[in-house]
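What follows is a set of notes on a single structure, which appears directly below.
The values are calculated or read from the model by the stated rules, or taken from the named source; none is laboratory data. As the structure is a prediction and not an experimental result, all values here were calculated from the model. Here the Cβ positions follow ideal geometry from the backbone for every residue, glycine too, while neighbour counts run over all protein chains shown.
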Amino acid sequence: MYRYDEFDREFVRQRVAQFRDQVARRLAGELTEDEFKPLRLMNGVYLQLHAYMLRIAVPYGTLNSRQMRKLAHIARTYDRGTGHFTTRQNLQFNWPKLADIPDILGELASVEMHAIQTSGNCIRNVTADHFAGATAEEVADPRPYAEIIRQWSSLHPEFSFLPRKFKVAVTAASRDRAAIRVHDIGLELKRLATGSLGFAVFVGGGQGRTPIIAKCIRDELPEADLLSYLEAVLRIYNLHGRRDNKFKARIKILVHEIGAAAFSAQVEEEWQRIRDSALRLPEHEIGRIRAYFAPPPFEHRPSKASLRPPERNFERWVTRNTHTHKEPGYAIVTISLKPIGGVPGDASAEQMEAIADLAQQYSFDEVRVSHEQNLVLPHVRIEDLRRVHARLQAVGLGEANAGLVTDIIACPGLDYCALANARSIPIAQRISARLAARQDAIGDLKIKISGCINACGHHHVGHIGILGVEKRGEEHYQLLLGGSGAEDAALATIAGPGFGPDGIVDAVAKVVDTYLLLRASANETFLAAYGRLGPAPFKEALYAR
Amino acid sequence: MLDEGSAHRINGSSVGLAPTGGTVGPALPLPGQGARDPAGTIWHAGAFRSDPWAHAGEPLPDRPVIVSRQRWLAERTLLMARKAPLGLRLEAGERVDDLGPDLARFSLIALAFPTFADGRAFSTARLLRDKYAYRGELRAVGNVLSDLIAFMRRVGFDSFEVTHGPTRRALSEGRIPEVTLCYQPSDRDAPHWVRRRRLADTSS
C-alpha cells in the first residue's frame, strides 16, 4: 500500500499545526463558531446532535494493521471505545472533545492518516473496489489511480469551494462493488482499444433527494490524461454548477440540465487545451505509485485444504464471507460488521485490535473498509480460513451474512446526526433480528436505510430501501423496492404509503415473504424476482386489506 | 507560486503615487500599486497600500479606473482609446471567454468573491492566467479571508482587497495559514513528483 515520503509527511504535519492553531483560537474565544465552522469542516470535524464528530479518511478503504491499531487506540483514549465505519469507506468517532482533536490528528499523522476533505464542498475521500488487488475480476489494481487522484485533489486551490461536495469512485472490475454509477465521477479502469490501460468516465451520478444514474461521457481515456480530464470536468462544474440552491448544486443537476452531450463537449474543449500541460502523468510517476501496490509475495501453491468440513457455522461462513482470489490457494475474506441485532458498521477497540492482528498474521498486513460497512481481509491463505474464522467468532465478528438480508447498510440517523429526520440504527437492528433465522433461505438481498433524504444509507440503490422522514413530528419510513448500486445500477421506486417504526419492520418481512412465495426457484434472487414480477404482487401484499 | 513582488510594469503610467515610508520600493510607481499605507485596503507585494484605482463613475476620472464587464462591453471603443490604465471587475460567474484579446488592455482585473463558499473566481483566475496568458494585476475582492488567501495566490491572484479585521492583522503579522507543499501541477507549481525528487536529493 501507499507509504508517505518526506513530502507527504510534511504536508500533513503542516495541516495539523494549522488546525491546532485554529482550535486554540476557537477555544480562546478569538473565533466564533460561525468563523470556525468552515475551518473545522475542512478537517472532518462536524458538530452533531450531542457532540463533535470526527470523520477520518481511509483512502480507497485501505488500512494496515498499524493504522487499525491506532484507530483502536483513539477509540479507547478519546472516544467511548467504538468507531463507526461508514458507507464512504471512512471511520467516524462520535464522541471526541474538541480540545482533543488536534492531538487525535497528530496521532493519525504518525500512522500516515488524516481527516482532510472528509467534509465540505470539495473533492472528498476517493473510494474504490474493496476487493482491489485481490479479485480475479479486475484488469489491474485500481488503487494506484485512486492514490494519484487523492494526491491531486488534496487541498486543491481551485476546487476547495465547489458548488457542493464531490465524490469520485474507481473500480477495475466488470462487477461494480464501488457503485461508480452513483458518484459525481465514476471511473472504470479498463483495457482501451489500443491495448493500454485507461478509463471509461461516468459523470453526474448521485443519490440524495434527486437520485440520478451517471452518464458515460468518455469511453476511452488514456491513463496519462487522468488528471487533465478530471481537472477539465471539475473546472466546468466549478464555473457552471448551480449555486443558487443547495439542493440543485451537485454536478448531476448541471449534467442533467444542460445534457450529457453538451456537458461532455465543454469538458472536451477544456481538456484538449490542458491535455499536454503539467497535468500529463509521466509514465515514471504512474510507475512510482503503482510500485507501492505491488502484489504481496504470495506463495504459489494451490490449496488442498478442505473447504467443506462438517462444521456448519464455518461452512456457512466460507460460503457467504469468502470470495475467489486471483491467486490460487488464497481467498478474500469479508468480516461482517453486522452481528445479528447489532449496529451496522460499529467496531469496538478490542475488535479493531483483533482484526489488526489477523491482518498482520494472515493477510499481508492489509485490511479494507467496504462501502457496505464491512471490513475485508484481502489475501488469506485458504488453509488459514478456519483459524481466522475462529478468531473472528471469539470477538463476535463471525457472522456468516455477507450480502444477506441482515447485512444492512444504515446511516447514523437520528441517534447521532444533526440532519436526520428519523432513526436508522434501531430499524436495522430490528429487521436483522426479525429475519436472521431465515437469512440463508432468503439469499442475496441488500437492505439500505437512510435517516433522511440525503441518502447516506444509499436507500435509492437498495434492493429494499428505507427512507426515514418526519411526519407530524413522528418518525416515519418510506419503503422503496428494486434498486441496485452495482453494474446493473437502478433506482428503487417507492412502494406506496409509508409506515411507522413498527410497521416498516413488518412491511419488510411481508416483502420478503412475498418473494419467497413467488420466486421461480431458490436460485432466483430477490432483485431478479422483482425484475420479473414487477411491483404489483409486493404492493398487494403490503397494502391490500 | 507567483512572486507578488514581480508585478507587471506597465508603460505609460500616469499614476502619481510613489511608495512612501522610506522603505525600499520600485523606482517608478506601478499602476495598481499604491503607496504603502497601513490603513489602505489593498494588500500587494507584501504591504497594505492605498488603492490608486478609482471605480468607474460618471464621468470617468482621468486616472486608473476599474469598469464593470457591462460598461466595458457598452463603451469598448471609447475605453480602448483612453490613455490612463484600465481595470476590469468581474462578478462571480461572469464570463471571460468572449473577452479574449481585449484582456491585454487591462492592467488590473478584479474578481469578486461574493461569499466564503463561492469559489467560481478560483477557476476564472486559472483561465485568465493559463488560457488567456493574462499578466497584469489580478485582484481578489469581496470575501477575502485569511483561510482563502493561500489558495488565491496559488491560482494566480497577486493583490487582495481586504477589509476583514482579523485577516488584515494576519497579513500584517505574516500569519496567513498555509500548507506550503502542494500536490497540484500547474503552470506555476512544478509537479510534486519533481519536487519529491528534489526533496529526496537535498535530504540525502
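Some notes on this structure:
- Qualifying residue in the range A:207-222 (condition: polar (S, T, N, Q), crowded, with 24+ Cβ neighbours inside 10 Å, touching a helix residue (DSSP H, G or I) at 6+ places or on another chain (Cβ under 9 Å) and closer than 21 Å to A:Arg250 by Cα): yes
Yes or no, residue by residue, for (1) in a strand (DSSP E or B); (2) more than 11 Å from every other protein chain (Cβ to nearest Cβ); (3) in contact (Cβ under 8 Å) with a residue 40 or more places away in the chain:
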| position | (1), (2), (3) |
| --- | --- |
| A:Gly133 | no, yes, yes |
| A:Trp152 | no, no, yes |
| A:Leu155 | no, no, yes |
| A:Phe159 | no, no, yes |
| A:Leu162 | no, no, yes |
| A:Val170 | yes, yes, yes |
| A:Asp176 | no, yes, yes |
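- Filter pass, A:Glu327 being under 23 Å from A:Pro142 (Cβ atoms) and either among the acidic types (Asp, Glu) or at pLDDT 95 or above (or both): yes
- For the range A:500-544, the helices (runs of 4 or more DSSP H) that sit wholly inside it and include 2 or more residues that are among the small types (Gly, Ala, Ser) and touching a residue at least 12 places away in the same chain (Cβ under 8 Å) are A:501-518, A:526-533.
- Inspection of the range B:173-190 finds no residue satisfying the criterion of being more than 11 Å from chain A (Cβ to nearest Cβ), over 25 Å from A:Ile274 (Cα atoms) and under 18 Å from the mean Cα position of the chain (by Cα).
- Test for A:Asp129: is it closer than 22 Å to A:Glu366 by Cβ and either touching a strand residue (DSSP E or B) at 6+ places or on another chain (Cβ under 8 Å) or not hydrophobic (A, V, I, L, M, F, W, C) (or both): yes
- A:Glu10 being part of a loop (DSSP other than H, G, I, E, B) and at negative phi: no
- Identity of the residue in the range A:135-150, part of a loop (DSSP other than H, G, I, E, B) and touching a helix residue (DSSP H, G or I) at 6+ places or on another chain (Cβ under 9 Å), that ends up surrounded by the fewest Cβ atoms within 10 Å (Cβ to Cβ): A:Ala140
- Selection from the range B:105-131 of residues that are within 11 Å of chain A (Cβ to nearest Cβ) and of a type in the set (Phe, Trp, Tyr): B:Phe113, B:Phe116, B:Phe122
- Of the criteria (1) surrounded by 22 or more Cβ atoms within 10 Å (Cβ to Cβ); (2) touching a strand residue (DSSP E or B) at 6+ places or on another chain (Cβ under 8 Å), which one B:Leu171 fails: (1)
- Hits in the range A:40-69 (condition: surrounded by 21 or more Cβ atoms within 10 Å (Cβ to Cβ), within 14 Å of chain B (Cβ to nearest Cβ) and assigned to a helix (DSSP H, G or I)): A:Arg40, A:Pro59
Condition check ((1) farther than 18 Å from A:Ser160 by Cβ; (2) surrounded by 18 or more Cβ atoms within 10 Å (Cβ to Cβ); (3) in contact with a Gly (Cβ under 8 Å, 6 or more places away or on another chain)) across all residues:
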position: B:Leu99; (1), (2), (3): yes, yes, no
position: B:Ala104; (1), (2), (3): yes, no, no
position: B:Ser107; (1), (2), (3): yes, yes, yes
position: B:Pro114; (1), (2), (3): no, no, yes
position: B:Leu128; (1), (2), (3): yes, yes, yes
position: B:Ala133; (1), (2), (3): yes, no, no
position: B:Pro166; (1), (2), (3): yes, no, no
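- Any hit, the range B:10-33, residues being modelled with pLDDT of 90 or more and in contact with an Asp or Glu (Cβ under 8 Å, 6 or more places away or on another chain): no
- Residue match in the range A:481-492 (condition: closer than 21 Å to A:Ala420 by Cα and within 28 Å of the chain's Cα centre (by Cα)): yes
- For the range A:11-36, a residue qualifies if it is touching a Lys or Arg at 6+ places or on another chain (Cβ under 7 Å) and more than 10 Å from every other protein chain (Cβ to nearest Cβ), and exactly one does: A:Phe36.
- Filter result for B:Ala150 (under 14 Å from the mean Cα position of the chain (by Cα), aliphatic (A, V, I, L, M), within 8 Å of chain A (Cβ to nearest Cβ) and buried (at least 17 other Cβ atoms within 10 Å of the Cβ)): yes
- Of A:His460, A:His379, all but one fail to be farther than 25 Å from A:Gln92 by Cα and in contact (Cβ under 8 Å) with a residue 60 or more places away in the chain; the exception is A:His379.
- Residues in the range A:259-285 that are more than 10 Å from chain B (Cβ to nearest Cβ), part of a helix (DSSP H, G or I) and under 21 Å from A:Val168 (Cβ atoms): A:Ala260, A:Phe263, A:Ser264, A:Gln266, A:Val267, A:Glu268, A:Trp271.
- Residues of the range B:78-92 that are in contact with a strand residue (DSSP E or B) (Cβ under 9 Å, 6 or more places away or on another chain) and part of a loop (DSSP other than H, G, I, E, B): B:Arg82, B:Ala84, B:Pro85, B:Glu91, B:Ala92.
- Considering each residue of the range B:153-163 in turn, at least one proves to be more than 10 Å from chain A (Cβ to nearest Cβ), assigned to a loop (DSSP other than H, G, I, E, B), surrounded by fewer than 21 Cβ atoms within 10 Å (Cβ to Cβ) and on the phi < 0 side of the Ramachandran plot.
- Residue check, B:Gly40 modelled with pLDDT of 90 or more, in contact with a Lys or Arg (Cβ under 6 Å, 6 or more places away or on another chain) and not in a helix (DSSP H, G or I): yes
- Members of the range B:195-204 found to be more than 9 Å from chain A (Cβ to nearest Cβ) and either under 22 Å from A:Ala278 (Cβ atoms) or touching a Leu at 6+ places or on another chain (Cβ under 7 Å) (or both), listed by number: B:Arg197, B:Arg198, B:Asp201, B:Thr202
- Residue count for the range A:237-248, restricted to those that are facing chain B (nearest Cβ under 9 Å) and of a type in the set (A, V, I, L, M, F, W, C): 1
- Per the listing A:Glu147, A:Glu158, the residue uniquely acidic (Asp, Glu) and touching a Pro at 6+ places or on another chain (Cβ under 9 Å) is A:Glu147.
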